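Report on one structure; see the data block that follows.
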Amino acid sequence: MKKGDYFIFIDVRKPEAWASSDIKLPHARRIPAAEIEQRLHEIPSGLPVITYCTCPEEASSARAAEKIRQHGFQEVYALAGGFDAWRAAGNRVEKKGNNNESSGHGVF
C-alpha cells in the first residue's frame, strides 16, 4: 500500500475487549473474528483489508486475515502490534458510533 490508497479496517477484537472500550480505529467495521466467514459479504472487495485485535502477537487478527484471504481477497493484512500499538504510536482513533460499526473506509 502507498500513501493515498483506500483500505478498510476490520475490528476483530474479542467481545470482551470490544465491550470494554469506547473507541476504535478510524472507519473500522466491527466483525468479530469468530464471525468472519459468515460475514464476508460485509467486506468490500477490491480494497486492501487490515484486521486488528488486542491479542498478543496479533493472533486473532492474523487468523481472521488468513480466513479472508482463503475466500479470494487479495490484499489482506494483520495490523502489526494491533490496536494497542496503533494507539501508542499516537495515531487517530474515533468513538464507537451508535451501531458500533462503520461502512466507511480509510485512506492510507
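Quick notes on this one:
- Conditions (1) modelled with pLDDT of 95 or more; (2) closer than 16 Å to residue 11 by Cβ; (3) not hydroxyl-bearing (Ser, Thr, Tyr); number of the one not met by residue 66: (2)
- Within segment 4-60, the residues that satisfy the criterion of being more than 20 Å from residue 85 (Cβ to Cβ), more than 15 Å from the chain's Cα centre (by Cα) and not in a helix (DSSP H, G or I) are 4, 5, 46.
- Failed item, numbered, when residue 92 is tested on (1) loosely packed, with under 13 Cβ neighbours inside 10 Å; (2) in contact (Cβ under 8 Å) with a residue 40 or more places away in the chain; (3) in a helix (DSSP H, G or I): (3)
- Taken over segment 72-95, the criterion of being of a type outside the set (A, V, I, L, M) and more than 17 Å from residue 45 (Cα to Cα) is satisfied by 81, 82, 83, 84, 86, 87, 90, 91, 92, 94, 95.
- Residues satisfying the stated conditions in segment 34-71, i.e. within 20 Å of residue 23 (Cα to Cα) and in contact with a strand residue (DSSP E or B) (Cβ under 9 Å, 6 or more places away or on another chain): 49, 50, 51, 52, 53, 58, 60, 61
The values are calculated or read from the model by the stated rules, or taken from the named source; none is laboratory data. Remember, predicted model here, so these are calculated numbers, not experimental data. Cβ coordinates were reconstructed from backbone atoms using ideal geometry, including for glycine residues, and neighbour counts include every protein chain displayed.
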